[in-house]
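**Student:** The structure follows.
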Number of protein chains: 2
Amino acid sequence: MTDASSERAENGDKVRTRSLSVADRIRTAILSGEINAGARLHEVKLSESLGVSRTPVRAALQALSSEGLLDYTPNRGYSVREFQTSEIVDAYEIRSTVEALAARFAAERGLTEAECTIIERTLTAGDDLLAKPQMHEEDRVTYGAINFAFHDAIHGAARCRMLCDMIRLCQSVPQSSHRNVVAFERTDVRRRHDDHHRIYDAILMRDSHRAEFLMREHVASVKSGLVRQLSGRAAEPRR
Amino acid sequence: MTDASSERAENGDKVRTRSLSVADRIRTAILSGEINAGARLHEVKLSESLGVSRTPVRAALQALSSEGLLDYTPNRGYSVREFQTSEIVDAYEIRSTVEALAARFAAERGLTEAECTIIERTLTAGDDLLAKPQMHEEDRVTYGAINFAFHDAIHGAARCRMLCDMIRLCQSVPQSSHRNVVAFERTDVRRRHDDHHRIYDAILMRDSHRAEFLMREHVASVKSGLVRQLSGRAAEPRR
DNA sequence: TCAACGAATAATGGATACAATATGGCCGCA
DNA sequence: TGCGGCCATATTGTATCCATTATTCGTTGA
């Protein structure tokens with residue numbers, strides 16, 4: 001019976017209808033920049049290039065549209081949504097608020113054994129990575145994954161589907177993914193990883209207020225970094 | 001030319017593809033309770049009862065699913081999502097945070113003439129309504145509309161599509177609509193309307209911090225009222 | 001008698017054909 | 001020569017048919 005249930009669970013993960021696969025492929029293509037922002041997505045062309053009929057393509061486009069990745073006008077089709085810089089900054093602002101709420105919920109509701117294990121693993125993995133004398137590009141990618149796992153665990157621990165839906169909305173904004181720590185300096189990563197330790201402590205201590213505050217600050221600092229980076233490219237810091 | 005553009009604008013609102021109409025009808029049926037929570041929605045039955053083919057029904061179901069109104073399992077179809085009481089309470093908690101952010105953005109970014117006019121209209125309309133010696137059921141419904149218009153104007157003034165998307169998510173939760181002030185006492189309405197005045201003042205003064213705080217408190221108080229109401233039905237207040 | 005396997009049935013997923021709508025270019029007229 | 005309307009074409013919306021998957025009921029074996 002355990003066999004059957006595990007098999008079912010496996011299947012539950014593996015259920016890949018064409019529509020979902022197509023959505024994944026298009027999403028990846030958009031986020032990787034393979035498809036330019038503002039480009040129109042024609043159903044027939046997509047279906048031909050992907051080797052499927054229009055039906056799953058349409059379903060995928062509708063899904064991506066409600067993820068906020070595409071714009072849709074009835075009878076005129078879909079186009080890749082263009083994000084203004086202000087929208088990206090706003091997304092971070094919103095995400096800092098929403099993720100802070102998730103941290104608060106997690107602290108209020110407590111962590112399972114499994115969640116503790118996962119989080120602690122991300123913490124030690126990050127410690128190990130930062131113990132190395134210097135970080136290479138691949139290390140940054142690795143830390144991106146670690147960072148994602150940490151935040152993801154907390155989202156789950158919030159036990160609130162709506163919150164997760166909202167965070168997903170935030171993550172659909174380009175440049176706003178958790179993996180984007182890649183772009184930052186080693187000292188920044190050091191500091192952020194330290195934040196992770198503190199946030200975990202706060203949640204463990206069920207100190208919801210502190211968890212919320214730390215998480216808000218944690219994400220907001222990424223926003224500041226981004227803003228600095230964006231304006232820094234054009235003009236050097238004033239002082 | 002003005003004629004053409006206004007006509008286009010009209011059409012822009014009137015573009016009602018079958019899929020959208022069907023989605024509206026099903027959504028209304030769910031929110032009104034005509035379809036019970038947990039019920040499975042069969043594509044063929046729906047298409048027959050609505051007199052359209054399965055195609056627009058499928059599109060509508062997918063849309064409603066991504067609105068958070070339906071649950072979906074591949075190869076097994078859609079069912080009306082059942083909300084736990086805790087989820088409804090959570091939704092208010094989230095909404096208080098998100099709407100507060102909207103108020104802050106509105107204060108930071110300022111209101112247009114048109115938005116000022118709309119908001120002021122809701123304020124005087126509410127004043128008039130509350131000046132009446134007593135409120136009847138229909139007055140409460142009217143105030144529900146006023147309340148909705150006030151909040152809606154602020155959502156727009158935030159000039160942030162993502163925030164609006166998130167608020168829409170919150171509003172798809174039954175019992176969590178802005179129109180639900182209907183259920184409350186006259187003194188509560190009085191207080192809430194006074195909140196509206198203060199929030200508007202804060203936004204006009206560009207006091208973003210105050211606007212955010214007031215809005216958070218404003219929505220959170222509705223949550224408290226709801227919790228009181230929910231637990232109050234079962235057991236009288238302890239003190 | 002219960003459990004497990006299998007076939008029948010019903011529902012969803014996908015493909016294709018047809019209808020309706022939008023867009024772009026061309027022609028005619030002022 | 002410039003503007004406006006109309007027609008051709010391309011694209012999306014809808015309907016219907018077929019394929020695939022799930023569920024249920026019945027049968028068979030232990």
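The values are calculated or read from the model by the stated rules, or taken from the named source; none is laboratory data. What you see is a predicted model; the values in this text were computed from it and never measured. Quick reminder, even Gly has a Cβ in these numbers, built from the backbone with ideal geometry, and neighbours come from all protein chains shown.
**Student:** Which pairs do you get when a residue that is within 12 Å of residue B:19 (Cβ to Cβ) and more than 11 Å from DNA strand C (Cβ to nearest atom), found in the stretch B:35-55, comes within reach of a residue that is assigned to a loop (DSSP other than H, G, I, E, B) and not small (Gly, Ala, Ser), reach meaning Cβ atoms under 9 angstrom, with the pair 6+ apart or on two chains?
**Tutor:** none
**Student:** Taking the residues in the stretch B:44-83 that are within 9 Å of DNA strand D (Cβ to nearest atom) and charged (D, E, K, R) as candidates, determine which candidate is farthest from residue A:161 (Cα to Cα).
**Tutor:** Ranking the qualifying residues of the stretch B:44-83, first place goes to B:54.
**Student:** Name every residue in the stretch A:13-34 that is buried (at least 16 other Cβ atoms within 10 Å of the Cβ), within 16 Å of DNA strand D (Cβ to nearest atom) and closer than 17 Å to residue A:68 by Cα, in order of residue number.
**Tutor:** A:22, A:23, A:26, A:30
**Student:** Tell me yes or no: at least one residue of the stretch A:93-116 is of a type in the set (S, T, N, Q), facing chain B (nearest Cβ under 10 Å) and within 16 Å of DNA strand D (Cβ to nearest atom).
**Tutor:** Looking through the stretch A:93-116, none of the residues is of a type in the set (S, T, N, Q), facing chain B (nearest Cβ under 10 Å) and within 16 Å of DNA strand D (Cβ to nearest atom).
**Student:** Let me ask something else about it. Look at the stretch B:159-168 and say how many of its residues are buried (at least 21 other Cβ atoms within 10 Å of the Cβ) and more than 9 Å from every other protein chain (Cβ to nearest Cβ).
**Tutor:** 1
**Student:** Looking only at residues that are of a type in the set (S, T, N, Q) and part of a helix (DSSP H, G or I) in the stretch A:54-82, which one is nearest to the other protein chains (Cβ to nearest Cβ)?
**Tutor:** Per the stated criteria, the residue is A:66.
**Student:** Turning to a different aspect of this structure: Of everything in the stretch A:170-208, what is within 14 Å of chain B (Cβ to nearest Cβ) and modelled with pLDDT of 95 or more? Give them in sequence order.
**Tutor:** A:208 - this is the single residue of the stretch A:170-208 that is within 14 Å of chain B (Cβ to nearest Cβ) and modelled with pLDDT of 95 or more.
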